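Written below as C-alpha cells is the structure these notes are about.
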Amino acid sequence: MGTSDQIIMACCCDIAGQVRGKGFPESDLPNRLKRGIGWTPTNVMITCFDVIAESPFGALGDLALIPDPNATYVVRDAVGEPVEHVMLGDIVTLDGDPWTCCTRSILKQALRRLDDVAGLNVTAAFEHEFQVLGGDAGDAGGTGTAYSLAGARSGAAMGRRIFKLMARNNLRPDTFMKEFGADQFEVTMKPSSGLGAADQAVILRELVRVAAMEEGRRATFTPIRDPAGVGNGVHVHISLNDSAGKPVTHDPDSDTGLSEVAASFAAGITTFLPSILALLAPSAISSLRLTPHRWSAAYNNLGLRDREASVRICPVTTLDPLDIAKQFNLEVRACDAAASPYLQLAAIIHAGTEGIVRGLAAPPVTEADLSVMAAEELARMGIERLPTSLGAALDAMAAEPAITSWFGAEFAAVYQAHKRGELAVLDGLSPGEQCARYLAVY
Ligand code: GLU
Ligand code: MG
C-alpha cells in the first residue's frame, strides 16, 4: 500500500462518550481539512447501546465534521506503517458555523466565556482509572496487588506500550500504577491547555484500548464493573491562568490556599454540581460509584486533600521544583469515562465561571466524613447529597435554568432525550445486569 492509500479517520467524541467518525484517504487530507466529512444530525442520538433515542432531526439534515490537525494520533505497526490514524474535530453546519450539539465546540464556547467574563484560561489534566480483562495475569481482587509492584508487573508490558504510544503522540505521561481494584490500573498525564487536555483525554482512552488489545487483553473504563466492586473514576484537575499565562488559582495568604477568583470558581462548581452531574458521570450505573466510602464523590463539597470530596484542593509540595502557584489545582472527582471529556470540562468551566460572575464566596472546606453528619448540619453548610440516579441527575439538570443559558436550549433538550433513551434500554434490568451492559460498551 502506498502512503497515499492510508486511511485517516475524522472523529468526534459524542454525548455517549463514544469516538465515532469516518475514514478518508490520506491523499485527500488538504481537501478534508477544509470541507470535512459528511455527518448526520441524528448521529448525536446514537446511545452507547447503539439504540437511537427519539430524535428531533429524524432523517433530515447534513453537517460536516472538520478534522483538526492539532488533535491527532497515529498508531504504527512494527515496520512503521500507520494502522490507526485519527483526527478529532468539530461538527459544523454546511455554512461552517459550530453545530449546537458539537461537544468540542461546546467546550470552546465555555473557554471563550471564561475568557470574556474573567480574562482567564485553564490548565487541565484528566486522570483515568480502568480495568483490564483477559490475559493470564488476571487478579480477582483481594490478592495483595493493590498499589504493589507485583500488580504493576502484571500490567507492565501494557504500561510500557501506553507510555510509548502517549509519547509518540505528544501526550506527556505522568504516572502508571496498579490501582486498588481487581485488574485496575491508573494512568495520569501532565497538564495541558483547556481544549488540548480534553483532546488528550479522548486520545488517551483510545491509546489505552490499543495497548491492551496489542497485549491480547481488553481495557474497560466502565464506571463500575459490579455494584459491590471498585469504581473507575475520571478525575479532572483544573487551574486558572491570567491572559499572560500567570497561574492565579493560589493565594498563599488565604486559609484554603485558594485565591479569591479560584474560590468563586470552586463555589460555582460545588453549587451547580448536582445539575451538571448528568454531564460528568452520565451512565445509569455512575451513581453506584458515587456513594460514600469509595474514594469517589457523594456530596457537592469542597475538601482539602480529601479523596471523598467532589472537588478536592490538591496538595502542593516544596519538594517539587515547580512553583507552588503552578502546582496548585482543584480536582473534580465526580466524573467517569462514560462522558465525553469535552462536555465534562465544558460543564465544570461553565459552573465555575458562573461562580465568578455571581461573585460566590468560598464554600466551606470539609475535612470530615459527611455520610455520618446530620442532614441539618449539611444543609447549614450548603452541602447536599449528589443525585443518586441518572434519572434524578437529569431532572436536576432540567430544573436548572442556567444550563440552557450555558449550553443552549437545543443541546439541553437533545441531551435529555438521548439519556432518557439510554435509560429506556435498561428498563427492568438489575444493577448487576446494567453493569454488564456498560462493561460491554466502555
Ligand atoms: N476509584 C476511585 C474512584 O472511583 C478513586 C480512587 C483514588 O484514586 O483516589 O474515583
Ligand atoms: Mg486513582
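Between ALA167 and GLU81, what is the label-to-label distance in nm when each label sits 7 Å out along the Cα-to-Cβ direction?
Inter-label distance under the simple model: 2.6 nm.
How far apart, in nm, are two points set 7 Å out from the Cα along the Cα-to-Cβ line at ALA379 and at LYS34?
My value for the distance between the label points is 6.3 nm.
May I ask you to derive the relative contact order of the stretch 183-273, considering only C-alpha pairs under 8 Å and at least 6 residues apart, and to give it as an integer percent? Mind showing how you got there, number by number?
Values: 44 pairs, mean separation 9.0, N = 91.
Once divided by the residue count of the stretch 183-273, the mean separation gives 10 percent.
So which DSSP H runs in the chain come out at 27 Å plus along the axis (Cα) with average Kyte-Doolittle of at least 1.6?
Details: long enough: 194-214 (30 Å, 0.74); 260-280 (28 Å, 1.64).
Flagged H segments are 260-280.
With a ≥ b ≥ c taken as the square roots of the eigenvalues of the C-alpha gyration tensor of the chain, please select rounded if a/c is under 1.5 and otherwise prolate if a/b is larger than b/c or oblate if it is not? Working shown, then result.
Values: a/c = 1.32, a/b = 1.17, b/c = 1.12.
Since a/c stays below 1.5, the shape of the chain is classed as rounded.
Over the stretch 214-267, what relative contact order in percent results from Cα pairs under 8 Å that are six or more residues apart? All intermediate terms of the calculation are to be shown ahead of the outcome.
Details: 36 pairs, mean separation 9.1, N = 54.
Across the stretch 214-267, relative contact order equals 17 percent.
For ASP369, put the label point 7 Å out on the Cα→Cβ axis and report which residues of the stretch 375-399 keep their amide N under 17 Å from it.
Residues 375, 378 fall inside that zone.
Once you keep just the Cα pairs under 8 angstrom separated by 6 or more residues, what percentage relative contact order results for the chain?
On the way: 912 pairs, mean separation 81.0, N = 442.
Relative contact order of the chain: 18 percent.
Could you sort out which of LYS178/LYS326; LYS190/LYS246; LYS164/LYS190; LYS190/LYS326 sit more than 20 Å apart by Cα distance in this structure?
Details: LYS178/LYS326 27 Å; LYS190/LYS246 18 Å; LYS164/LYS190 15 Å; LYS190/LYS326 12 Å.
Checking Cα-Cα distances, LYS178/LYS326 exceed 20 Å.
Could you check the simple spin-label distance between ARG218 and ASP50, using points 7 Å along Cα→Cβ, in nm with one decimal?
Result: 1.3 nm between the two label points.
Please identify the trypsin sites (Lys or Arg not before Pro) of the stretch 280-311 that satisfy two criteria: DSSP loop assignment and at most 16 other Cβ atoms within 10 Å. Which are they?
On the way: sites: ARG289, ARG294, ARG305, ARG307; in loops: ARG294, ARG305, ARG307.
When the trypsin sites (Lys or Arg not before Pro) of the stretch 280-311 are filtered for loop state and at most 16 Cβ neighbours within 10 Å, ARG305, ARG307 remain.
Shape of the stretch 196-299 from its Cα gyration tensor (a ≥ b ≥ c, root eigenvalues): rounded if a/c is under 1.5, otherwise prolate when a/b > b/c, or oblate? Working shown, then result.
On the way: a/c = 2.64, a/b = 1.52, b/c = 1.74.
Note, shape of the stretch 196-299 comes out oblate.
Please give me, ordered by residue number, the GluC sites (Glu not before Pro) of the stretch 266-368 that lie in loop per DSSP and have at most 12 other Cβ atoms within 10 Å. Before the final figure, lay out the partial values.
Working: sites: GLU308, GLU331, GLU354, GLU367; in loops: GLU308, GLU367.
Hits after loop and neighbour filter: GLU367.
Bear in mind these aren't lab numbers, they're just calculated from the coordinates by the rules spelled out. Nothing here was measured: the structure is a model prediction, and the numbers come from that model. We place every Cβ from the backbone using ideal geometry, glycine too, and count neighbours over all the protein chains shown.
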